[in-house]
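What follows is one structure encoded as structure tokens, with my remarks underneath.
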Amino acid sequence: MKILVTGGTGYIGSHTAVELQEAGFEVIIADNLSNSEAGVIDRIAEITGTRPAFEVVDLTDVDATGKLFLKYPGIIAVIHFAALKSVSESVERPLAYYQNNIVSLLNLIREMECQHIPHLVFSSSCTVYGQPEKLPVTEDAPFRTPWSPYGNTKQVSEQIIRDVCRVSSFNSILLRYFNPAGAHHTALIGELPLGVPNNLVPYITQTAAGKRDYLRIFGNDYNTPDGTAIRDYIHVVDLAKAHVAALTRLVERKNTQQAEAFNLGTGKGYSVMEVVQSFERVSGVRLNYRYVPRRPGDVEQVWADPSLANRELAWKAEQDLDEMLRSAWNWEKRLMER
Ligand code: NAD
Ligand code: UD1
């Protein structure tokens, strides 16, 4: 079964390509390499023993997107990771974010309709909930006014997909990721942030590696046990496996609605300080950090109720926080060797 994975040389896409190939799917990766490297294809081949097909394609280019589907007839489903993902950059460059994330989705769906490809798995985010009133957050929690253009592209994309499902035979699963972290146990693939990382875990490993002077902990005056903000960190390999489960649900037509949303988290929240302590524990490295004021737009605490995904996808996150930090550190060390 041929699966198109857009954004497949990126962080979550590359780990998912590995899991898909290991589950017996044939993977075609399309990526414009705006935030990843073509060498990732070699690493996927090294891990799985199979080289996925790879095309450098910008999905905002409608002609190139059309040609991609013509070149690979028989694709049965698409997993759409390709997007720009920096919250802060999206505030500075809103048009670039709307152009990239929305236009690529529209082009993709249009081409999927032309080729009668009915299944789409989409990368959404817990950012759609903002600061939820009730924790853990369930899928029926209301969306909050998005704070960033990035967050808005996720809300709008979900709405576009739902609207298309309503009037066609299109089926989609919207996966709302909490905070992905960690790397493949081989340390052959992992997160490759270009420039200064925004996210906590790569900032921690880069600080420990000496690339950054110190970690700024954004806020220690939150209403949480240690005063730092709480998130639901999920191992990227667990996340990748959830995509295989979602895809299988679609192709086996086990979905109960044409557009279904699932939270992908562990169901457990950890504070920034607990993440730092976990890192120090597994790496044996003392981390240099300082408390600084809260980061604008950050929510105080959010963690998932993943029970719907646990039940319907027969999937459960298995790896703990220590394993996320251990694998992230192994990956950082591998990058240093390079
Ligand atoms: P990533 O940047 O590592 O991967 C995205 C890939 O998409 C990159 O390889 C990039 O080159 C490619 N891409 C971007 N625009 C493209 C375009 N127009 N045409 C073709 N390729 C394009 O990001 P990631 O962390 O792997 O995230 C994957 C998806 O998950 C994104 O949609 C992101 O918004 C979403 N998401 C990520 C997180 C997170 O914390 N990493 C959390 C929630 C949701
Ligand atoms: C954000 C977005 C999410 C997006 C994800 C990936 C929100 C609410 N969430 O998650 O939608 O998909 O990024 O880009 O916008 N922290 C520090 N120091 C740092 C970095 C982070 O203290 O140098 C803290 C943050 O304040 C936060 C936690 O660590 O409390 C996690 O931050 P981060 O990894 O950036 O993820 P989110 O902001 O939760």
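Read the figures in this text as sums done on the coordinates, not as results from a lab. Keep in mind the model is a prediction, meaning the values are calculated, not measured. Neighbour counts run over all protein chains shown; Cβ positions are idealised from the backbone, glycine included.
At a glance:
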quantity	calculated
Sites Asn223 and Leu95 - FRET efficiency at Förster radius 30 Å, r taken between beta-carbons, to 0.05	0.25
Around Leu84: net Lys/Arg minus Asp/Glu count, Cβ-Cβ under 13 Å	-1
GNM top mover of Gly39, Gly284, Gly195 - the chain, alpha-carbon springs below 10 Å	Gly195
Value in Å of the Kirkwood radius, where the chain supplies the Cα pairs that are averaged	20.2
Percent RCO, i.e. relative contact order, over segment 78-222, from Cα pairs under 8 Å lying at least 6 residues apart	25
Cα centre as origin, Lys/Arg/Asp/Glu Cβ charges: the chain dipole, Debye	140
About the Cα centre, charge dipole magnitude for segment 91-208 (Lys/Arg +1, Asp/Glu -1 at Cβ), debye	100
Per-pair calculated FRET efficiency, R0 = 30 Å: Lys211 and Arg110 via Cβ, rounded to 0.05	0.10
Lysines with Cα under 24 Å of Lys268, excluding same-chain neighbours fewer than 8 positions away	Lys85, Lys134, Lys154, Lys241, Lys316
For segment 40-47, Karplus couplings with θ = phi - 60° (6.51, -1.76, 1.60), whole Hz, Gly/Pro x	4, 4, 4, 5, 4, 5, 5, 6
Prolate/oblate/rounded label for segment 95-168 (Cα gyration tensor, a/c 1.5)	oblate
Segment 220-338 shape via C-alpha gyration tensor axes, a/c threshold 1.5	oblate
Shape of segment 67-117, Cα gyration tensor, a/c cut at 1.5	prolate
Listed residue (Pro146, Val167, Gly130) projecting farthest to the positive dipole end of segment 124-278, Cβ model	Val167
Spacing of the two label points (7 Å from each Cα toward its C-beta) at Arg311 and Lys333, in nm	4.3
The chain: relative contact order in percent, alpha carbon pairs under 8 Å with at least 6 residues between	19
Around Gly190: net Lys/Arg minus Asp/Glu count, Cβ-Cβ under 14 Å	-1
Principal-axis tilt of helix 94-114 within the chain, Cα atoms, nearest 10 degrees	30
Relative contact order of segment 13-113, pairs being alpha-carbon contacts under 8 Å that are 6 or more residues apart, as %	25
Under the Karplus curve 6.51 cos²θ - 1.76 cosθ + 1.60, θ = phi - 60°, whole-Hz ³J(HN,Hα) for segment 17-24, x wherever Gly or Pro sits	4, 4, 5, 5, 5, 5, 8, x
